[in-house]
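One structure below.
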Amino acid sequence: MVYFVGAGCGAADLITVRGMKLLQKADVIIYAGSLVNPELLTYAKKDCSIFNSATMTLNEVIDVMKSSEEKKLMTVRLHTGDQSIYGAVREQMDALDELSIAYESCPGVSACFGAAAILNLEYTLPEVSQSLIITRMEGKTSVPEKESIQSFAAHNSTMAIYLSTGMLKELSARLIEGGYKKTTPAALIYKATWPEEKKFICTIESLAETAEKNRITKTALVIVGDIITHSNYAKSRLYAEDFETEFRKIKK
């Protein structure tokens, strides 16, 4: 059996309890190199075989899973954050389907939620933004044209932008072209929840300058939107005294 496990956003104690227990039981662990906190590997058994997928191709990863299955061993494929976001898991699952190898997924905490926690943000503030767009700039891997940064920026909602730290000047230009003001608040979070985490509040216009000044070149997340300054928002109707729910009557 193969288990795809989300390692969480960085801190070793932010993996789920289920994910930790799977690591403790695993006979084989294939983990996503420098993207996964190596402290998580201390949960592994002493005789567990551990592979770093940063040095492996897809075929090599599948070969390890196949060999493990033939020996009736349990494999954990440990991905950064939550594997459903930029985890390249579908291609692995399809390969396992072809080999008739069973697998399950265990979710994890993605970087955008770790970043929100360290900044004490609410992404969906009433009358400011009720949507969170998770996206990225195109790099070595393309992005569908209809999902361009400019097209998403037109909504002026909250955006969490992954895998784009090396292209911040271009990112800022596209966000502004799409409809955000230059002065729209932005946040740059390096390795959220890791011991070496860094966080910077700036504006869309100053993203590249902020990164350069603080020597941030990779492994950072960009958050954009007025929710960052948490001002001029409306209180939730859910807890209003004149709002009735299934569990609470109006309180005059």
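Bear in mind these aren't lab numbers, they're just calculated from the coordinates by the rules spelled out. As the structure is a prediction and not an experimental result, all values here were calculated from the model. Note that each Cβ is placed from the backbone with ideal geometry, even for glycine, and that neighbours are counted across all protein chains shown.
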Using a basic spin-label model with each label point 7 Å from the Cα along Cα→Cβ, how many nm lie between residue 249 and residue 134? 4.2
What relative contact order, as a whole-number percentage, does segment 7-86 give when Cα pairs under 8 Å and 6 or more residues apart are counted? 42
Filter the cross-link list 181/235; 71/140; 66/218; 46/218 down to pairs whose alpha-carbon distance in this structure exceeds 27 Å. 71/140; 66/218; 46/218
So if I take the centroid of the Cα atoms in segment 145-183 and the same for segment 1-27, what is the distance between those two points in Å? 33
Once the Cα atoms of helix 168-178 and of the chain are each reduced to a long axis, what angle between those two axes, in degrees from 0 to 90 to the nearest 10, is obtained? 50
Quickly rank 55-68, 131-144 as a protection proxy: mean count of other C-beta atoms within 10 Å, highest first. 55-68, 131-144
Zone residues, segment 7-25, relative to residue 218, backbone N less than 11 Å from point 7 Å out along Cα-to-Cβ: none
Would you kindly calculate the translational diffusion coefficient of the chain, applying Stokes-Einstein with the Kirkwood radius from alpha carbon pairs, for 20 °C and a viscosity of 1.002 mPa s, and quote it in µm² s⁻¹ without decimals? 107
Using the scaling law 2.2 N^0.38 Å as the reference, what is the normalised Cα Rg of segment 154-215? 1.10
For segment 13-63, the Cα-Cα pair-distance distribution in 5 Å bins from 0, as whole percents, is 5, 19, 30, 24, 17, 5, 0
So what are the three principal axis dimensions of segment 137-252 from its Cα atoms, in whole Å, longest to shortest? 56, 37, 26
Determine the relative contact order of the chain: mean sequence separation of Cα pairs under 8 Å and six or more apart, normalised by residue count, in whole percent. 19
